[in-house]
1. Take the residues in segment 117-159 that are aliphatic (A, V, I, L, M) and under 15 Å from residue 107 (Cα atoms); name whichever of them is surrounded by the fewest Cβ atoms within 10 Å (Cβ to Cβ).
2. Assuming residue 63 fulfils every condition listed in (1) over 24 Å from residue 147 (Cα atoms); (2) surrounded by 13 or more Cβ atoms within 10 Å (Cβ to Cβ); (3) free of Cβ contacts under 8 Å to residues at least 40 places away in the same chain apart from one, which condition is it?
3. Test residue 112 against the criterion of being touching a strand residue (DSSP E or B) at 6+ places or on another chain (Cβ under 7 Å), at pLDDT 95 or above and crowded, with 21+ Cβ neighbours inside 10 Å, and give yes or no.
4. Can you find a residue in segment 89-96 that is modelled with pLDDT of 95 or more, crowded, with 17+ Cβ neighbours inside 10 Å and out of contact with any strand residue (DSSP E or B) (no Cβ under 9 Å at 6 or more places or on another chain)?
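The values are calculated or read from the model by the stated rules, or taken from the named source; none is laboratory data. None of these values were measured; they are calculated from a predicted model. When we count neighbours, we look across all protein chains shown, and the Cβ atoms used for this are built from the backbone with ideal geometry, even at glycine.
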Amino acid sequence: MSAGDGFPLRRTAPSIYPHFADQPAIMLAVVQQAFTELESRLRSAVEEAGDDPRERLYAVCNAHLEFSRSHPERYRTMFGGLWMPTLGDSSVTERDLTTLGREALQILIDALGGCVTAGHSTSADPVADAIALWFGLHGFAHQRAVSRVFPWPADTAERIITALAHLNP
């Protein structure tokens, strides 16, 4: 990570080692910090979207995609498999890994649940559909990052959100 990607580099690498059990613990802290920022952006998007559940859902999804676009290296570290410690070979636990992104995903689940309650979505399982939407957003973000010259239709994100959230026309 570089200072330009939003992470302060105030210490040299060797000076941070005494504060962590091992190198995977350092990376876990970096990824946790990135998820905290993503969660903050998603919450802000919900607040700025107002009371309309459909607008809130779109705002959360678009904020997620904007985060991936504006911080591609950080996003790849969070979601792209660039960092994945082997459990048992480091201080990082299964719980550490399974809780990463949980709050960000919950924001998406709540937004989709709001659409179901308001009658904007026909989802019979908002949790499972929010997870599918989460993966759809990741797939789109990844492809957009690696296929920069692909002629994406302007409404690709809207199509993904509408379909995976089972939104009414």
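1. We begin by selecting, within segment 117-159, every residue aliphatic (A, V, I, L, M); these are 118, 124, 127-128, 130-133, 137, 141, 145-146, 149, 154, 157.
Okay, now just the ones that are also under 15 Å from residue 107 (Cα atoms), so 127-128, 130-133, 137.
Details: 127: 14, 128: 11, 130: 24, 131: 16, 132: 17, 133: 27, 137: 22.
It comes out as 128.
2. Evaluating residue 63 over (1) over 24 Å from residue 147 (Cα atoms); (2) surrounded by 13 or more Cβ atoms within 10 Å (Cβ to Cβ); (3) free of Cβ contacts under 8 Å to residues at least 40 places away in the same chain leaves (1) as the failure.
3. Values: touching a strand residue (DSSP E or B) at 6+ places or on another chain (Cβ under 7 Å): yes; at pLDDT 95 or above: yes; crowded, with 21+ Cβ neighbours inside 10 Å: yes.
In short, yes.
4. Taking segment 89-96 first, the residues modelled with pLDDT of 95 or more are none.
Checking segment 89-96: not a single residue is modelled with pLDDT of 95 or more, crowded, with 17+ Cβ neighbours inside 10 Å and out of contact with any strand residue (DSSP E or B) (no Cβ under 9 Å at 6 or more places or on another chain).
Each row is one residue, and each column tells you yes or no for (1) touching a Gly at 6+ places or on another chain (Cβ under 8 Å); (2) more than 16 Å from residue 97 (Cβ to Cβ); (3) at pLDDT below 95.
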{"site": "5", "(1), (2), (3)": "no, yes, yes"}
{"site": "11", "(1), (2), (3)": "no, yes, yes"}
{"site": "16", "(1), (2), (3)": "no, yes, yes"}
{"site": "24", "(1), (2), (3)": "no, no, yes"}
{"site": "48", "(1), (2), (3)": "no, yes, no"}
{"site": "63", "(1), (2), (3)": "no, yes, no"}
{"site": "73", "(1), (2), (3)": "no, yes, yes"}
{"site": "80", "(1), (2), (3)": "no, no, yes"}
